[in-house]
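Here's the structure, in C-alpha coordinates; my notes come after.
The values are calculated or read from the model by the stated rules, or taken from the named source; none is laboratory data. Everything numeric here is computed off the predicted structure, so don't read it as measured data. Glycine gets a Cβ as well: all are built from the backbone with ideal geometry, and neighbour counts include every protein chain shown.
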Amino acid sequence: MSTVPSTARAMRHATAPVATTHASSILWWRTWVSQHRLLAAIVAGIVATHIATITGFWYPAVGLPPLDSNRTNGGIYTPEGDSLVRFVSGSVYHYIDGVVFTIMYAIAIHPRLPWRNTALGNLAKGLVFGWILTTISLSFMVPRVYFPNLDPGIFSLHLGWQRIVAGILWHSIFGLHLGTVYSPLPDEGPIAQEVTGLNGCVSAADAAEWADRAQPARA
(Lines give C-alpha, C1' and ligand atoms only; values in the text may rest on other atoms or scores of the structure.)
Protein backbone atom coordinates (compact mmCIF):
# COMPACT_ATOMS: atom_id res chain seq x y z
CA MET A 1 0.00 0.00 0.00
CA SER A 2 1.31 3.44 -0.90
CA THR A 3 2.23 5.76 1.91
CA VAL A 4 1.96 8.91 -0.22
CA PRO A 5 -1.63 9.82 0.73
CA SER A 6 -0.96 9.28 4.43
CA THR A 7 2.25 11.31 4.19
CA ALA A 8 0.42 14.15 2.48
CA ARG A 9 -2.25 14.11 5.18
CA ALA A 10 0.42 14.19 7.86
CA MET A 11 2.09 17.18 6.23
CA ARG A 12 -1.21 19.02 6.03
CA HIS A 13 -1.89 18.38 9.71
CA ALA A 14 1.63 19.50 10.62
CA THR A 15 1.43 22.78 8.70
CA ALA A 16 -2.17 23.61 9.66
CA PRO A 17 -1.30 25.13 13.09
CA VAL A 18 1.35 27.36 11.49
CA ALA A 19 -1.06 28.58 8.81
CA THR A 20 -3.78 29.13 11.41
CA THR A 21 -1.45 31.14 13.63
CA HIS A 22 -0.28 33.24 10.68
CA ALA A 23 -3.82 33.91 9.50
CA SER A 24 -4.99 34.78 13.01
CA SER A 25 -2.07 37.19 13.41
CA ILE A 26 -3.02 38.99 10.20
CA LEU A 27 -6.62 39.16 11.35
CA TRP A 28 -5.58 40.48 14.77
CA TRP A 29 -3.39 43.17 13.22
CA ARG A 30 -6.03 44.36 10.77
CA THR A 31 -8.60 44.46 13.55
CA TRP A 32 -6.22 46.58 15.63
CA VAL A 33 -5.70 48.93 12.68
CA SER A 34 -9.47 49.28 12.31
CA GLN A 35 -9.79 50.21 15.99
CA HIS A 36 -6.74 52.51 16.24
CA ARG A 37 -6.48 54.24 12.90
CA LEU A 38 -4.40 57.22 14.05
CA LEU A 39 -1.84 55.07 15.86
CA ALA A 40 -1.81 52.64 12.94
CA ALA A 41 -1.15 55.51 10.54
CA ILE A 42 1.82 56.65 12.64
CA VAL A 43 3.26 53.12 12.70
CA ALA A 44 2.66 52.69 8.96
CA GLY A 45 4.27 56.05 8.22
CA ILE A 46 7.42 55.15 10.13
CA VAL A 47 7.71 51.68 8.59
CA ALA A 48 6.98 52.78 5.00
CA THR A 49 9.32 55.78 5.22
CA HIS A 50 12.13 53.70 6.72
CA ILE A 51 11.94 50.87 4.17
CA ALA A 52 11.77 53.27 1.22
CA THR A 53 14.63 55.35 2.63
CA ILE A 54 16.90 52.33 3.13
CA THR A 55 16.26 51.00 -0.37
CA GLY A 56 17.13 54.42 -1.80
CA PHE A 57 20.79 53.70 -1.02
CA TRP A 58 20.68 50.46 -3.02
CA TYR A 59 19.65 51.90 -6.38
CA PRO A 60 23.17 52.06 -7.88
CA ALA A 61 23.11 48.24 -7.87
CA VAL A 62 20.46 48.39 -10.61
CA GLY A 63 21.91 51.35 -12.51
CA LEU A 64 19.87 54.11 -10.84
CA PRO A 65 21.15 57.11 -8.87
CA PRO A 66 21.05 56.77 -5.06
CA LEU A 67 18.39 58.69 -3.21
CA ASP A 68 19.77 60.02 0.09
CA SER A 69 16.56 61.53 1.42
CA ASN A 70 18.10 62.25 4.82
CA ARG A 71 20.99 64.47 3.68
CA THR A 72 18.91 66.01 0.89
CA ASN A 73 16.39 67.23 3.45
CA GLY A 74 19.20 68.21 5.81
CA GLY A 75 20.66 70.41 3.09
CA ILE A 76 17.37 72.35 3.13
CA TYR A 77 16.82 72.59 6.89
CA THR A 78 20.45 72.94 8.11
CA PRO A 79 22.45 74.00 5.05
CA GLU A 80 25.33 75.37 7.15
CA GLY A 81 25.82 72.14 9.12
CA ASP A 82 28.39 69.47 8.44
CA SER A 83 27.51 66.09 6.93
CA LEU A 84 26.49 64.57 10.27
CA VAL A 85 24.30 67.53 11.23
CA ARG A 86 22.60 67.49 7.84
CA PHE A 87 22.04 63.75 8.12
CA VAL A 88 20.50 63.92 11.61
CA SER A 89 18.35 66.99 10.99
CA GLY A 90 17.29 65.71 7.60
CA SER A 91 16.37 62.32 9.06
CA VAL A 92 14.18 63.91 11.73
CA TYR A 93 12.29 66.08 9.27
CA HIS A 94 12.13 63.32 6.66
CA TYR A 95 10.49 60.82 9.02
CA ILE A 96 8.15 63.46 10.42
CA ASP A 97 7.09 64.28 6.85
CA GLY A 98 6.43 60.59 6.21
CA VAL A 99 4.25 60.26 9.30
CA VAL A 100 2.34 63.49 8.59
CA PHE A 101 1.66 62.47 4.99
CA THR A 102 0.46 59.07 6.20
CA ILE A 103 -1.92 60.61 8.73
CA MET A 104 -3.32 62.81 5.97
CA TYR A 105 -3.68 59.71 3.80
CA ALA A 106 -5.50 57.76 6.53
CA ILE A 107 -7.90 60.60 7.31
CA ALA A 108 -8.60 62.24 3.96
CA ILE A 109 -7.55 59.98 1.09
CA HIS A 110 -7.83 56.30 2.06
CA PRO A 111 -11.60 56.47 2.82
CA ARG A 112 -12.30 58.18 -0.51
CA LEU A 113 -10.46 55.81 -2.83
CA PRO A 114 -12.84 53.44 -4.62
CA TRP A 115 -11.50 50.04 -3.58
CA ARG A 116 -12.88 48.11 -0.63
CA ASN A 117 -10.64 47.53 2.36
CA THR A 118 -9.51 44.07 1.37
CA ALA A 119 -5.82 43.24 1.59
CA LEU A 120 -5.38 43.89 -2.13
CA GLY A 121 -7.62 46.94 -2.01
CA ASN A 122 -5.50 48.52 0.72
CA LEU A 123 -2.35 47.73 -1.25
CA ALA A 124 -3.85 49.49 -4.29
CA LYS A 125 -4.75 52.51 -2.18
CA GLY A 126 -1.26 52.76 -0.74
CA LEU A 127 0.32 52.42 -4.17
CA VAL A 128 -1.90 55.15 -5.65
CA PHE A 129 -0.98 57.46 -2.78
CA GLY A 130 2.68 56.72 -3.43
CA TRP A 131 2.23 57.75 -7.05
CA ILE A 132 0.48 60.95 -5.95
CA LEU A 133 3.56 61.74 -3.85
CA THR A 134 5.76 60.90 -6.84
CA THR A 135 3.94 63.51 -8.91
CA ILE A 136 4.33 66.14 -6.18
CA SER A 137 8.00 65.29 -5.72
CA LEU A 138 9.06 65.30 -9.38
CA SER A 139 6.89 68.23 -10.46
CA PHE A 140 7.44 70.56 -7.48
CA MET A 141 9.79 69.45 -4.69
CA VAL A 142 12.76 68.44 -6.88
CA PRO A 143 12.72 71.39 -9.31
CA ARG A 144 11.53 74.08 -6.86
CA VAL A 145 12.89 73.08 -3.45
CA TYR A 146 15.74 70.57 -3.63
CA PHE A 147 17.62 71.32 -6.86
CA PRO A 148 16.40 74.59 -8.43
CA ASN A 149 19.98 75.46 -9.43
CA LEU A 150 20.10 72.40 -11.71
CA ASP A 151 17.11 73.55 -13.79
CA PRO A 152 15.39 70.12 -13.61
CA GLY A 153 12.61 71.21 -15.96
CA ILE A 154 9.03 69.99 -16.12
CA PHE A 155 8.58 66.82 -14.05
CA SER A 156 12.37 66.86 -13.52
CA LEU A 157 12.90 65.60 -17.08
CA HIS A 158 16.24 67.41 -17.43
CA LEU A 159 17.73 65.20 -14.72
CA GLY A 160 17.41 62.12 -16.92
CA TRP A 161 15.16 59.10 -16.98
CA GLN A 162 17.16 57.30 -14.28
CA ARG A 163 16.31 59.99 -11.73
CA ILE A 164 12.63 59.82 -12.66
CA VAL A 165 12.54 56.02 -12.42
CA ALA A 166 14.31 56.21 -9.05
CA GLY A 167 11.69 58.65 -7.77
CA ILE A 168 8.83 56.47 -8.99
CA LEU A 169 10.43 53.35 -7.47
CA TRP A 170 11.06 55.05 -4.12
CA HIS A 171 7.47 56.20 -3.73
CA SER A 172 6.09 52.89 -5.03
CA ILE A 173 7.99 51.05 -2.30
CA PHE A 174 6.68 53.56 0.21
CA GLY A 175 3.11 53.06 -1.03
CA LEU A 176 3.27 49.26 -1.02
CA HIS A 177 4.52 49.14 2.56
CA LEU A 178 1.99 51.78 3.57
CA GLY A 179 -0.82 49.66 2.12
CA THR A 180 0.53 46.54 3.80
CA VAL A 181 0.78 48.03 7.29
CA TYR A 182 -2.21 50.38 7.17
CA SER A 183 -4.75 47.75 6.16
CA PRO A 184 -8.06 48.13 8.01
CA LEU A 185 -10.82 45.57 7.65
CA PRO A 186 -13.57 45.92 5.05
CA ASP A 187 -16.76 47.56 6.25
CA GLU A 188 -18.89 44.62 5.14
CA GLY A 189 -18.66 41.14 3.64
CA PRO A 190 -17.04 37.90 4.78
CA ILE A 191 -14.13 38.71 7.04
CA ALA A 192 -11.98 35.58 7.27
CA GLN A 193 -11.30 35.00 3.57
CA GLU A 194 -10.76 38.69 2.75
CA VAL A 195 -8.38 39.22 5.65
CA THR A 196 -6.23 36.13 5.33
CA GLY A 197 -6.60 34.87 1.79
CA LEU A 198 -6.13 31.41 3.33
CA ASN A 199 -9.40 29.52 3.10
CA GLY A 200 -10.05 27.39 6.10
CA CYS A 201 -7.21 28.76 8.23
CA VAL A 202 -9.50 30.91 10.35
CA SER A 203 -12.60 29.38 11.80
CA ALA A 204 -15.98 31.02 11.42
CA ALA A 205 -16.11 31.54 15.18
CA ASP A 206 -12.73 33.31 15.22
CA ALA A 207 -13.69 35.47 12.26
CA ALA A 208 -16.96 36.45 13.91
CA GLU A 209 -15.15 37.29 17.14
CA TRP A 210 -12.64 39.54 15.42
CA ALA A 211 -15.35 41.16 13.32
CA ASP A 212 -17.30 41.99 16.50
CA ARG A 213 -14.21 43.54 18.03
CA ALA A 214 -13.61 45.68 14.95
CA GLN A 215 -17.25 46.79 14.65
CA PRO A 216 -17.05 49.89 16.91
CA ALA A 217 -14.23 51.26 14.75
CA ARG A 218 -16.41 51.07 11.65
CA ALA A 219 -19.33 52.99 13.10
Filtering segment 136-151 for residues that are touching a helix residue (DSSP H, G or I) at 6+ places or on another chain (Cβ under 8 Å) and either hydrophobic (A, V, I, L, M, F, W, C) or outside any helix (DSSP H, G or I) (or both) leaves a count of 6
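Residues Leu133, Leu120: which one is crowded, with 17+ Cβ neighbours inside 10 Å, modelled with pLDDT of 95 or more and part of a helix (DSSP H, G or I)? Walk me through it before giving the result.
On the way: Leu120 fails: crowded, with 17+ Cβ neighbours inside 10 Å.
The conditions single out Leu133.
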Got a number for residues in segment 61-95 being touching a Gly at 6+ places or on another chain (Cβ under 9 Å), under 17 Å from Ile173 (Cβ atoms) and not polar (S, T, N, Q)?
6
Looking at Pro65, is it within 20 Å of Val142 (Cα to Cα) and either surrounded by fewer than 19 Cβ atoms within 10 Å (Cβ to Cβ) or in contact with a strand residue (DSSP E or B) (Cβ under 6 Å, 6 or more places away or on another chain) (or both)?
yes
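In the list Arg86, Arg144, Arg116, Arg112, which residue meets the criterion of being touching a residue at least 60 places away in the same chain (Cβ under 8 Å) and charged (D, E, K, R)?
On the way: Arg86 fails: touching a residue at least 60 places away in the same chain (Cβ under 8 Å); Arg144 fails: touching a residue at least 60 places away in the same chain (Cβ under 8 Å); Arg112 fails: touching a residue at least 60 places away in the same chain (Cβ under 8 Å).
Just one listed residue meets the conditions, Arg116.
Can you name the residue in segment 42-67 that is touching a Phe, Trp or Tyr at 6+ places or on another chain (Cβ under 6 Å) and of a type in the set (A, V, I, L, M, F, W, C) and, of all such residues, is nearest to Ala108 (Cα to Cα)? It would help to see each step written out before you state the result.
First, pick out the residues of segment 42-67 that are touching a Phe, Trp or Tyr at 6+ places or on another chain (Cβ under 6 Å): 44, 48-49, 52, 56, 66-67.
Imposing the further condition that a residue be of a type in the set (A, V, I, L, M, F, W, C) reduces the set to 44, 48, 52, 67.
Numbers: Ala44: 16, Ala48: 18, Ala52: 22, Leu67: 28 Å.
For segment 42-67, the residue satisfying everything is Ala44.
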Trp58 passes all but one of (1) over 15 Å from the mean Cα position of the chain (by Cα); (2) surrounded by fewer than 18 Cβ atoms within 10 Å (Cβ to Cβ); (3) more than 15 Å from Ser172 (Cβ to Cβ); which number fails?
(3)
State which residue is nearest to Thr31 (Cα to Cα) when the search covers only segment 95-117 and only residues that are surrounded by 19 or more Cβ atoms within 10 Å (Cβ to Cβ) and of a type in the set (A, V, I, L, M, F, W, C).
Ala106
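For segment 176-196, give me the residue count where each residue is crowded, with 24+ Cβ neighbours inside 10 Å and either outside any helix (DSSP H, G or I) or at pLDDT below 95 (or both). First the steps, then the outcome.
Going residue by residue through segment 176-196, those that are crowded, with 24+ Cβ neighbours inside 10 Å are 178-179, 182-183, 185, 195.
Cutting the leftovers down to either outside any helix (DSSP H, G or I) or at pLDDT below 95 (or both) gives us 182-183, 185, 195.
Of the residues in segment 176-196, 4 are crowded, with 24+ Cβ neighbours inside 10 Å and either outside any helix (DSSP H, G or I) or at pLDDT below 95 (or both).
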Any idea which of (1) within 30 Å of Leu185 (Cβ to Cβ); (2) of a type outside the set (D, E, K, R); (3) in contact with an Asp or Glu (Cβ under 9 Å, 6 or more places away or on another chain) is the one Asn73 doesn't satisfy?
(1)
